[in-house]
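Asker: One structure coming up, written as structure tokens, with questions to follow.
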Amino acid sequence: MWIFSLCLFLGSLVSSGLGLEFRYHNSVQVQQYLKDISANYSDFTHLHSIGRSVEGRELWVLILGQHPREHRPGIPEFKYVGNMHGNEVVGRVLLLQLIDHLTQSYLRDPFVTRLLNSTRIHILPSMNPDGFEAATRDCLYSQGRFNKNGVDLNRNFPDAFSGNSGQVREKEVVAVMEWIQNETFVLSANLHGGAVVASYAYDNSNGGRELQGSASVTPDDDVFIHLAKTYSLKHTSMHKGNSCPDSKDFSYGITNGYKWYPLKGGMQDYNYVWGQCLEITLELSCCKFPPESDLQDLWEANKPALLAYMQQVHLGLKGQVLDTNGVPVENASVEVQGRRNLCPFRTNHNGEYYRLLLPGKYTITVTCPGHKTLIETVSVPYGLDEFSAKTHNFQIQKIVSSTVPGMTAPTCVTPRPRSSENHSAALLPNTITALIALTIHRLLVSLDRKLF
């Protein structure tokens, strides 16, 4: 009897011959589906957990590509994250459907085959499984947005523009922070609901140079606008800009995040500032928890956009920074003139760099302590048709004396992802300075009282 029940359970996940069924699957069913996919397509998929939720549910990530178990030089890393807010469920459904489509189409569909052969794709269907399990099926007002501790995960990341670096980090956020720091992610999107628009960085501002009019503008604003438009224009209705009755009109179906509404502690800005990964936020449905009868149409509306967006990981430049002996140089800064990032883009342990850039000529400055500064101008072609950014290696020379001025690369402190279990988190430089100043002030006041 139990074997028959198990067969019914597993059979409920997939419609015979039609792929994954268009309905909501709970966390146990999603886990089983991902394990089955990993077992059936082990040659080009790898399933692993990046951590656990507060209630102990695994945060499963499926990796797809020719070499799913390890990073290979020259192969960019891409990721999709869904269900960050537990009651915004369309992204969760779409990412499972995307997995089904990619695995079914590999070596059958030329586009999918070239995409998987040239890219390592990571898919996290649910970042907030606890919230999903607590959610109620209401269009806009269902519970389940927050994690089990009642925290909005998209307000819990370190923020470059505010003093929230001492904030307690939730387990789900810690897992994603460590994931970002352990992989060389180049491009990403996180999938939400409640509107239909593609939103891009920055989400926050402190009134500095980034604030231009009502928008908070990154050094890579042209690339972000291109990425957001790529998704919007491939979507069947997002580009119209007014898909939801109660939503504002969005020109081309895109918006700067801060211009829409300021958001502190968002995952999108964290990816860009500290992860060297350009991420946009995709709002994919007017209803946060739409009826199951709408799911197939939502998939058809988003499928071309999901595929086209992944291909954008091949924009711009990639390559290695090498010394004169051909040895890769780790932690070298690769900066594009006119695009001074809050944290410089740096090479990984393979000496690799990736810079998403639109076609054009760019002046690149490569710096690394103990090496001469290198400045080169590079022409960047349109590389999407080849499924490869232009490969350009930089060779830098070591210097005899470390006292030569102007040879130190810019620095940036990356917040350490400590969990709420430690009740502490890394501090940004301005926070550390403030604490030191406060301590000195208190000591001087104490001494003053003793003297007088």
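Any read-out appearing in this document is the output of simple, stated calculations on the displayed coordinates, not a laboratory observation. Small disclaimer: the values here were computed from a predicted structure and weren't measured. Backbone-built Cβ (ideal geometry, glycine too); neighbour counts: all protein chains shown.
Asker: Can you compute the FRET efficiency between Asn117 and Gln395 using 1/(1 + (r/R0)^6), with r the Cβ-Cβ distance and R0 = 22 Å? Round to the nearest 0.05. Present the calculation step by step, with values, prior to reporting the outcome.
Answerer: Numbers: r = 29 Å, r/R0 = 1.30.
So, using R0 = 22 Å, E works out to roughly 0.15.
Asker: Same structure, new question: Rank-order 50-60, 29-39, 175-185 by packing density, defined as the average count of other C-beta atoms within 10 Å over each peptide's residues, highest first.
Answerer: On the way: 50-60: 18.7, 29-39: 17.1, 175-185: 20.6.
By packing density, highest mean first, the sequence is 175-185, 50-60, 29-39.
Asker: Once the other residues with Cβ under 9 Å from the Cβ of Asn242 are scored (Lys, Arg +1; Asp, Glu -1), what is the net sum? Provide the component values of the computation, followed by the final result.
Answerer: Numbers: positive: Lys240, Lys248; negative: Asp249.
So the surrounding residues net to +1.
Asker: Next up: Taking only Cα atoms, what is the 0 to 90° angle, nearest 10, from helix 429-451's long axis to the longest principal axis of the chain?
Answerer: In the chain, helix 429-451 runs at an angle near 50 degrees to the longest axis.
Asker: Any idea what angle helix 221-234 forms with the longest principal axis of the chain, computed on alpha-carbon atoms, 0 to 90 degrees, nearest 10?
Answerer: Once rounded, the angle reads 10 degrees.
Asker: If you don't mind, there's one more thing I want to ask. Using the scaling law 2.2 N^0.38 Å as the reference, what is the normalised Cα Rg of segment 199-338?
Answerer: Numbers: Rg = 17.9 Å, N = 140, 2.2 N^0.38 = 14.4 Å.
In units of the 2.2 N^0.38 Å rule of thumb, it is 1.24.
Asker: Moving on to the next point. Quick one: Karplus J couplings for segment 81-98, per residue in order, coefficients 6.51, -1.76, 1.60, θ = phi - 60°, nearest Hz, x for Gly and Pro?
Answerer: These are the phi-based 3J(HN,Hα) values: 10, x, 6, 5, 9, x, 9, 9, 9, 5, x, 4, 5, 5, 5, 5, 5, 5 Hz.
Asker: Ranked highest first by average number of other Cβ atoms within 10 Å, how do 321-332, 266-277 line up? Kindly include the intermediate steps, with their values, before the conclusion.
Answerer: On the way: 321-332: 15.7, 266-277: 24.6.
Order by mean packing, descending: 266-277, 321-332.
Asker: Once phi is turned into ³J(HN,Hα) by the Karplus curve 6.51 cos²θ - 1.76 cosθ + 1.60 with θ = phi - 60°, what whole-Hz value does each residue of segment 63-75 show in order, with x for glycine and proline?
Answerer: 9, 10, x, 5, 10, x, 8, 7, 6, 10, x, x, 9
Asker: Listed highest first by mean packing, meaning other Cβ atoms within 10 Å per residue, what order do 387-394, 217-224 come in? Let's see the in-between values first.
Answerer: Numbers: 387-394: 17.5, 217-224: 19.8.
Put in order of decreasing packing, that is 217-224, 387-394.
Asker: While we're looking at this one, here's another question. Quick one: Cα centre-to-centre distance for segment 58-81 and segment 218-286, in angstrom?
Answerer: So the two Cα centres are separated by 24 Å.
Asker: Sum up the charges of everything whose Cβ sits under 13 Å from the Cβ of Glu55, counting Lys and Arg as +1 and Asp and Glu as -1, but leave Glu55 out. Display every interim value, and only then the final one.
Answerer: Numbers: positive: Arg52, Arg57, Lys148, Lys171; negative: Glu58, Asp130, Glu133, Glu170, Glu172.
Residues near Glu55 contribute -1 overall.
Asker: Oh, and also: Using r as the Cβ-Cβ distance of Asp222 and Asn350, and R0 as 30 Å, what FRET efficiency do you calculate, to the nearest 0.05?
Answerer: Details: r = 28 Å, r/R0 = 0.93.
It comes to 0.60.
Asker: While we're here: Asp246 to Asn182: FRET efficiency via 1/(1 + (r/R0)^6), r the Cβ-Cβ distance, R0 60 Å, to the nearest 0.05?
Answerer: On the way: r = 40 Å, r/R0 = 0.67.
So the FRET efficiency works out to roughly 0.90.
Asker: Okay, moving on. I'd like the Kirkwood hydrodynamic radius of the chain, using the inverse of the mean 1/r over distinct C-alpha pairs, in Å.
Answerer: Working: mean 1/r = 0.0430 Å⁻¹.
Here the Kirkwood hydrodynamic radius works out to 23.3 Å.
Asker: Using only the Cα atoms of segment 153-211, build the gyration tensor, take square roots of its eigenvalues as a ≥ b ≥ c, and label the shape rounded, prolate or oblate: rounded if a/c is under 1.5, else prolate if a/b is larger than b/c, else oblate.
Answerer: Judged from the Cα gyration tensor, segment 153-211 comes out rounded (a/c under 1.5).
Asker: Given +1 on the Cβ of Lys and Arg, -1 on the Cβ of Asp and Glu, and no further charges, what dipole in debye does the chain carry about its Cα centre, rounded to the nearest 20?
Answerer: On the way: 40 positive and 42 negative charges, 210 e Å.
Charge dipole of the chain: 1000 debye, to the nearest 20.
Asker: Given the DSSP H assignment, sum -39500 (n - 2.57) over each helix run of at least 4 residues in the chain and divide by its residue total; what's the result at 222 nm in deg cm²/dmol, nearest 500? Mind showing how you got there, number by number?
Answerer: Numbers: 11 runs with 134 residues, N = 452.
Computed ellipticity for the chain at 222 nm equals -9000 deg cm²/dmol.
Asker: Using 0.36 nm per residue, how much length does the chain from Thr414 to Ser293 gain when fully extended, once their Cα-Cα distance is taken away? Write down the numbers at each step before the final one.
Answerer: Details: separation 121, 0.36 × 121 = 43.56 nm, distance 4.42 nm.
Net length gain for the segment: 39.1 nm.
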